[in-house]
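Below: the structure, in C-alpha cells.
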Amino acid sequence: MVGGGIGAFIGDVHRMAARLDGKIELVAGAFSSNPKKSKKSGKELGLDPNRVYNNFAEMIEAEKDLPKGERIDFVSIVTPNHVHFEPAKAAIEAGFHVVCDKPVTFNLDEAKQLQKLVKKHKTVFALTHNYTGYPMVKEARAMVAKGDLGNIRRVVVEYPQGWLATRLEESGQKQASWRTDPSKSGKAGCMGDIGTHAENLAEYVTGLKIKRICADLNIFVKGRKLDDDGAVLLEFEKGAKGILFASQIATGEENNIRLRVYGDKGGLDWSQMKPNTLTVRRLNKNIEIKRTGVGKLSKAAQAATRIPAGHPEGFIEAFANIYKNFADTVLAVQRKRQPNAINLDFPTIEDGVRGMQFIDKVVESSESDKKWTKF
C-alpha cells in the first residue's frame, strides 16, 4: 500500500475491503510521506518492519528484487490525487499490478500516460469507483443490457453531500484541506471528487458513453478555490439525455448518490441510502421491487452477494467486490488462464481516463459561453 497510514479514512476502507474475502494480504507499505509515520503505521498494522518503507520508490525497488512468491503481487495507491501517477507508473514499470483510488491521476495527460503503460506491460489495473460494486447496481446494468428498459431516453444521476457546507478546510481537517486545494486535488473540487463517481455510475449502468456536456460549476463557500457544487446536462450515445447533479454543500446530506434510468419500456431507480433495493417501473404495470439475494437475479448480481437476503450488505462489501474481482483476475493471469466476465467486472484505466476527460470538459464547459462542449 502507498499512503493510507493509520487514521486515514480511505486507507482503512481499502484495507477492510481487500481482506474481506480472504484473497488478499497486506504485506508491505509506504504509508506516509513522513518516514516515521510510515514506520509507526506499519507497526500498528502488524507488518514486518523490514517491509515498511520510507517512500514508495524504495518499496517498489526493494520488493522487485525479492523472489517470486515473496514479493508483492500488486500495489494499492490510496494517496491524494496529486500522488497517484508516480507510484502507479513505478509499480507498472516494475511489473506489479495496480489498484488506485479515484480520480486516477492529477490531470488528463497523466491518465493517458498510465493508459499506455498499462497496455504495454499488460497490467491488471483497477480503479475504485466502488459504487459499481453493489449487487443491485450490477442488476440494473444487466437489465439495461438485456433490453428490459427498451431504448434509454433519460438518465438522472445525483450525488449530494453536505460536509463542506462551511469552510471546514480552515479547521485543519485533513480531508477537507487537500480536497479543496488545487495543488493536490486538481482543477475540480466537487466534480473531481464525487462528480466523477456519478459520471462513472451512469456510464456503467447504461453502457452508454457521454458525447457532449453543458456544465455549471459553483463556489458557494466564500474564499474556497475549487467548485463545491455543480450541475451538468449530458448527451449520451444513441440519443439518450441526462442530468448530473453533484454538491458538497447540500446541507444535511450524507452520501446520497442516486441513479434513475428511463427507457421506452420502463425505468429503474437505485440509491445508496437503500442499497439492497432496486425499484423497477414499467408501462401500465405495478412497481416491482428487487432485493439483494432474493429471486432470480443476474449472474453479476449473484456473484456480488455474499450473505442471505435480509442481512444488509453495504459500502465495504461493494468496495470489496472490486478487490475480489481484481484478485481473481490477477490469479487467472498468474496461472495463464483467461479471466471470465465476472472476474473482469471492475473499473479500469479506461474508466480513469473517462473520468479525467469528464473533469476537463466540465471545467471547460462551465467557463465557456458556449452551450455545449464536446466530450
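The values are calculated or read from the model by the stated rules, or taken from the named source; none is laboratory data. Keep in mind that this is a model prediction, so the values were computed, not measured. Methodologically, a virtual Cβ is constructed for each residue, glycine included, from the backbone with ideal geometry; neighbour enumeration extends over all protein chains shown.
Computed values, structure above
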read-out	value
Selection status of K371, outside any helix (DSSP H, G or I), surrounded by fewer than 17 Cβ atoms within 10 Å (Cβ to Cβ), touching a strand residue (DSSP E or B) at 6+ places or on another chain (Cβ under 9 Å) and among the charged types (D, E, K, R)	yes
Any chance T292 is assigned by TED's automatic domain parsing to the domain that holds A202, hydroxyl-bearing (S, T, Y) and either within 18 Å of V157 (Cβ to Cβ) or surrounded by fewer than 16 Cβ atoms within 10 Å (Cβ to Cβ) (or both)	no
Residue check, G352 closer than 14 Å to K138 by Cα and either surrounded by fewer than 15 Cβ atoms within 10 Å (Cβ to Cβ) or at pLDDT 95 or above (or both)	no
Pairs, first assigned to a loop (DSSP other than H, G, I, E, B) in the stretch 166-186, second of a type outside the set (K, R), C-beta under 6 Å, six or more apart	R167/V221; T180/E169; T180/G189; T180/L226; G186/N81; G186/F106; G186/G192
Residue in the stretch 324-345 that is in contact with a strand residue (DSSP E or B) (Cβ under 7 Å, 6 or more places away or on another chain) and either crowded, with 20+ Cβ neighbours inside 10 Å or part of a helix (DSSP H, G or I) (or both) present	yes
Subset tally (residues that are among the acidic types (D, E) and buried (at least 20 other Cβ atoms within 10 Å of the Cβ)) for the stretch 159-181	1
Lone unmet requirement of (1) at pLDDT below 95; (2) in a helix (DSSP H, G or I) for M59	(1)
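Residue-wise test of (1) outside the structural domain of Q175 (by TED's automatic domain parsing); (2) free of Cβ contacts under 8 Å to residues at least 24 places away in the same chain; (3) farther than 30 Å from W372 by Cβ; (4) within 21 Å of the chain's Cα centre (by Cα).
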{"residue": "F236", "(1), (2), (3), (4)": "no, no, no, yes"}
{"residue": "G263", "(1), (2), (3), (4)": "no, no, no, no"}
{"residue": "R282", "(1), (2), (3), (4)": "no, yes, yes, no"}
{"residue": "T305", "(1), (2), (3), (4)": "no, no, yes, yes"}
{"residue": "N321", "(1), (2), (3), (4)": "yes, no, yes, yes"}
